[in-house]
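To start, the structure itself, in structure tokens.
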Amino acid sequence: MLSIRGVSRSYGSSQVLHDVSFDVAAGTLVALVGRSGSGKTTLLNMVGGLDRPDAGTVLVDGADVTALDEAGRSRLRRDKVSYVFQTFGLVPVLSAAENVGIPLRMRHTPREEREKRVARLLDLVGLAGHARQRPDELSGGQQQRVAIARALASSPRLLVADEPTGQLDAETGLSVMALLRGVVESEGVTALVSTHDPVMMRLADRIVRISDGRVTHDEETAG
Amino acid sequence: MLKLLVRRARASWPLLAAVVAVVTIGGTLLGVSARLLTVSAGTALTAGMSRTEPAEVETIAYLSDIQNENAARVIADTRELLKDAVSPLGTPVTQTRASSTMRTLEVRGNDSAVGYLTGMDDLSRAVRLTAGEWPAAGPVNGVLPVVVLESTARAMRLEPGSRVRLGSQSSARFGEDDGVERTDLLVTGVAAPRQNAGWDRDVLGAEGFDQAVAVGYAGTAPGAGPFLVGTPALIGTGLALDRIQVDVQPALDAADAGKLDAVATRLATADRRLGDRLGDRVHQQRVASTLLGTVTRVYTQQAVTRSTVLVVMLLGTLLTASALLLAGRLVTRSRAAQTALFSAMGAGRGQQLGLAAGEVAGLALIATALSVPASSFGHAALTRLPALRHAGLTTGPGVSGGQVLVILIGVLALSAVLLLPALRSDPAAQDAAEQRGGKELLVRSGADLALVALAAVGWWQLQVQPTAQSGTDVVRILAPGLILLAGAALMVRLTGLPLGLADRAARRSRRLVLPLAAFEASRRPQAIAAALLLVLAVASGTFGLALAATWQQSQVDQADLAVGTDLRVELAGPAQAGQAGVLREAVGGTISPVLEQDVAVGQWLGGTGNAPHLVALNSADAGDLLRGRLPEGTSWAQIGAAIAPGQPAPSVALNGPPEITGSTDSESVLQITPQLVLQDAAGLRSTCGLRPIVLDGEPHRATDCDTLPENSRVVAVVVDLAPGPAADAENLIGTGSVKLSFRFPRADGDPGRWQASSYGRQDGTRVLSVAGDGAREGADIVFHLDAVVQLSDLYYANGQFVMAGFVAPQEVPVVVSQDFADVLGSGPGDRYSILINTVSVPVKVAAVVPDVPSAPGRSAMLADADLLGRVLTAQGARPTVGNAWWVGHPKNVSGAGKLGLGEVTTRDAEHQELSQGPLRVGVPAALAMLLPAVLLLAVGGLTLHVVSDLRSRAGEVARLRSLGLTRRTVTGMLLAQHGGLLVLLTAAGTALGAITAAVVGPLLIRSDLGAAPVPDALFRWPWTHEILLLAVLLLTGQAVIRVVSGIQVRAGDRRARG
């Protein structure tokens, strides 16, 4: 599903990624772990086409992200890769349902169909009763659930989550991680999740550890 | 603390720089306004006073019945007192005009007339020599050289070289006789009276001749004069003086308020002091000054202009305050985290406010330092605009204490607005509350309602306030600002409606970009301050433009009505035949003689300063001649048609001297004195008197009218029948028949309608019967008149006949002004009698118009000169109708002034003076000043808002890009959101400005007298300027949004990468 080959990236004199390579199989949840500044976010940006590597390639579902132009990368994010952010990234003036509906509006999905899918996704993330509430009326965990629902709205092949539990307490974070685990299984998506929480790591199918821009450890977990 | 302030300022310098810029704009506006109100007002006063007409500033002492031996001393004393009264303004110019008592006048052995001498200091200032030369200073061989007016020369048949003799006083005044029995005069020159040379104070009003001057207690005699000499020459004759007028013209080159006030104080007591000084050397004395009224009018004009400048100041201050309110919110919001940190560190609210106050004080000082020179240069630049330059108001940059004080106070007050958001505990939370309702919304609603209530009171006060008001009008200053502010608050609230609709539509849409823009526009709370600023700015700009256009149009309307036509020449005396031809050659266009004079309507003489006024002209040319606004669907041509005669008066051409034959069966010698009533090509009626002709049965060729202009036509012959010079009274008994014939050689025209009548107080006794007709005899036209008269009555009074081709109308149709109709409660069909030169003329109201041209706001009537002339002629009165010439559609306006016929006034010049005169030009200048302030503050405020909004949404933009929106799509969404709001708020502001200008604008406009303008000001919408304003605002706004959005989206991309 995802193939990263020899990716390097530097900003000025600072080399952030050094020849990073690994693959992610479809339908798995891979935890990308490492300390702050280790290059996790940069690598995730390469995967979604938000940034370009200086060297190497990133293949998503067979498509070379690094070869895509601006429109192609936008299309990639719209159709195949969805993001979930540490800061949730919800539009504050929109309700939970409207936030979830954004990817569907991008595809000009008819209103009735959009509303049905939004309702199903909110139900999936356990927020069926919070559809009309705006982000500032929801708790952090609820906001992140809305963000996950929004990420799933476009039926992506790959879900990229950057520290999705970073701003949540342990209990909420665990529930969000469990939700991610659940949607990977129920929706059949592939997930690449960056985290440094050992508890979260246990829910992943595989852990790729990155340190100083290099993959230092890559192992499948037991569970 | 200072270190903290500096560091904090450094950290947010772009925002603070914007704040300083906004405060500086406000401070500059205040500074320029302050200089307009002080420096320019002073310059305007001086320039305005220096442009006044002599008649507007003269002070005249009227003295009557002065013995000759006292005259020189009386004149000197009066001059000294008057000069002293106006001396604060500088050295004045004085002019003396003195006239002798009326004396018998002997011309060519005939002493039946009376005349008088007039002495002047400088004859050339009062008359223009048209023939001969100026007289010597004193008698030459016992004969006093004099100059006579053209009208005197024509009436008395005088020319240079003619000799006349003044005899004894025709009636001794107050029992005193000067004892001078004979004063021989030699006419050296013939002259025309100059305009504005005091001829209205002449005994005969510069008419030069009057058929019936009061002599003694009951009698009348033909009067001629004045015979003009220098003042010393007059006094040297020893003649008693009937009147002396000493005229002082103050020096107005450097008039200022202090000097004018000092003069006003002295003039207030001048009359009493002159009486004390002259004692019983004069019978009566009076000091009258137009200067005081003019000064009052000038002060009123200044107050009117000041009001408009203050309106602009207020609007500018409101705009600046709105911009600063926005800036304050943005500053506070950008420092929310910092504020929270300080609070967490234990800083009290007072300490935080102190910090903010210190910062504000610093910003205010910087803004003041920038505003002082900026306003000085701004004011200097403003006074270099063409209109102000032409008005003589150009001044260099300078600094005054008042200007600095106004700026300092204004800037400090404005800067204090920055503190308002800082007083709120949590701006972000309150923004949210504002958006959803709750206490904050209620507070805002209360403020909105209070503003609307105040605005309503302001509008009501404007409606009911007196029409005339001097001094600065507080209501007129505050009302526009209040109404615009209240309207802006209301409009901002109302914009929620279309935004709500857009929100609803967006929810139903399947698309993203426009719906998301609509969501953002309708749900973002912090746009309220920016929206208020934008709506207020656009409304103020629109209001300013529309008010300026309405004001300009009102000046045009006022000028149209005040002048009444395109070009007018006001004559010092009656219009003369031939002037029309000269005028036509010089200026072209449609020309009509016009009679303008106050009349009595029945017993009604009108109120003070509003005597019933008559304007008579060629009504057939009314469409070409008359100017002034009429109700829609009405034209001056239609109005003219309503009062026009059905047919022109029949006339015959004067192609040679007429031959007059008269006979009588009386044993006594009778003679006639015929007058030809002539009409020139322009329709001017005049008379040409012929020498007396004895009724001896012999034909007499009357050559007296040979020198008349070409194309003169005879419309009537007026005949006075009297006993001959050698008539024996004893033979004047019984009745006698008189047969007259008038032969006009080679004349064209239709004589068939001519007939004879008698006029005057005949009572059927003096003239027992009269009949006449006309017939063509070969190439000539001959009129015959047969009458039977009571001969004995001729000893006491003349028999009087008129031969004419028309019958005098029973009533002269007139169009009256609305004021006339209101005062007398009259309407079409009502009949009145007006008194013109002692002749009663019946008139009938044909229509009512808002105002009669040249008589704005007055009780006035418009009549046809021909019909009026027919009535006057039929009653034997002087038929001359015209003391002015009016010209419609002139082709060469400048040509009229060079002719020296009289005072030339043009509609364009009047409009120029009204709109760009030194005392008026401040109004458009102030309104022009408002525009750049509006644009700068609106665009500045928009930039601040967009930058702040997009900064606060940088994360959101980044996330939208992560969701797959292209850079172009995100930019499009931001453009749609801010651009849509810009368009919506601009439309709201435009509507508000237009409505305010339409409702309030006309009420704000005042005439140069401080009263409501006549005609009423009508709202005028300046399409071109408004479109330009909106185009500049929208294009600049869109450019700002596009640039800022682009920058922000690129920043979002960087942020998205982490």
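Counting only residues at least eight positions apart within a chain, or on another chain, the lysines with an alpha carbon under 29 Å from that of A:K80 are A:K40, A:K116.
Loop-located trypsin sites (Lys or Arg not before Pro) in the stretch A:17-100 (DSSP state not H, G, I, E or B) with no more than 15 neighbouring Cβ atoms inside 10 Å: A:R35. Exposed loop positions in chain B were taken to be chymotrypsin sites (Phe, Trp or Tyr not before Pro) whose DSSP state is not H, G, I, E or B and which have at most 13 other beta-carbon atoms within 10 angstrom. Between these positions, the longest stretch is B:218-795. Loop-located trypsin sites (Lys or Arg not before Pro) across the stretch A:153-215 with a Cβ neighbour count of 15 or fewer within 10 Å are A:R202, with loop assigned by DSSP.
Comparing A:E187, A:E70, A:E115 in a Gaussian network model of chain A, where Cα atoms under 10 Å apart are tied by springs, the biggest mean-square fluctuation is seen for A:E70.
Net charge near B:T664: determine it from the other residues with C-beta under 12 Å of the C-beta of B:T664, scoring Lys and Arg +1 and Asp and Glu -1.
Once all neighbours under 12 Å are counted, the net charge is -3.
Each Lys or Arg adds one and each Asp or Glu subtracts one; over the other residues with Cβ under 13 Å from the Cβ of B:R165, this totals 0.
Expected output is a single nm value to one decimal: the length gained when fully extending between B:T838 and B:L405, i.e. 0.36 nm times separation in residues minus the C-alpha distance. What is it?
Working: separation 433, 0.36 × 433 = 155.88 nm, distance 6.40 nm.
The B:T838-B:L405 span can extend by a further 149.5 nm.
Helix B:439-464 and the long axis of chain B differ in direction by around 0°, with both axes built from C-alpha atoms. Between the amide H of A:L29 and those of A:A191, A:D205, A:R206, distances stay under 5 Å, these residues lying 5 or more places away or on another chain, with hydrogens modeled in the peptide plane. For the stretch B:59-289, the extents of the C-alpha atoms along the principal axes are 60, 39, 32 Å, listed from largest to smallest. Remark: accessible area buried at the A-B interface is about 2700 Å², both chains counted, probe radius 1.4 Å. Seen against the Cα atoms of chain B and their longest principal axis, helix B:474-494 is set at about 40 degrees.
Electrostatic bookkeeping for B:T394 treats Lys and Arg as +1 and Asp and Glu as -1; over the other residues with beta carbon under 13 Å from its beta carbon, the sum is +3.
Modelled this way, with points 7 Å down the Cα-to-C-beta line, the labels at B:D253 and B:R507 are 8.0 nm from one another.
The simple spin-label model puts a point 7 Å past each Cα toward its Cβ; for B:L1009 and A:T216 those points are separated by 9.8 nm.
Placing R0 at 22 angstrom, the Cβ-Cβ distance between A:D169 and A:R120 gives a FRET efficiency of 0.20 after rounding to 0.05. In loop segments of the stretch B:911-972 as defined by DSSP, there are no trypsin sites (Lys or Arg not before Pro) with at most 11 further C-beta atoms inside 10 Å of their C-beta. Partner lysines whose Cα lies under 25 Å from the Cα of B:K83, excluding those fewer than 8 positions away in the same chain, are identified as B:K259. Rounded to the nearest 10 degrees, the angle from helix B:1023-1056 to the longest Cα principal axis of chain B is 10 degrees. At R0 = 35 Å, how high is the FRET efficiency between B:V93 and B:R182 if r is their beta carbon distance? Nearest 0.05 is fine. Step by step, r from the Cβ atoms, then E = 0.45.
The values are calculated or read from the model by the stated rules, or taken from the named source; none is laboratory data. This structure is a prediction, so every number in the text was calculated from the model and none was measured. In this analysis, Cβ positions are derived from the backbone assuming ideal geometry, glycine residues included, and neighbour counts consider all displayed protein chains. These area figures cover heavy atoms from the full protein model, side chains too; ligands, DNA and RNA do not enter into them. Shrake-Rupley method; radii C 1.70, N 1.55, O 1.52, S 1.80 Å.
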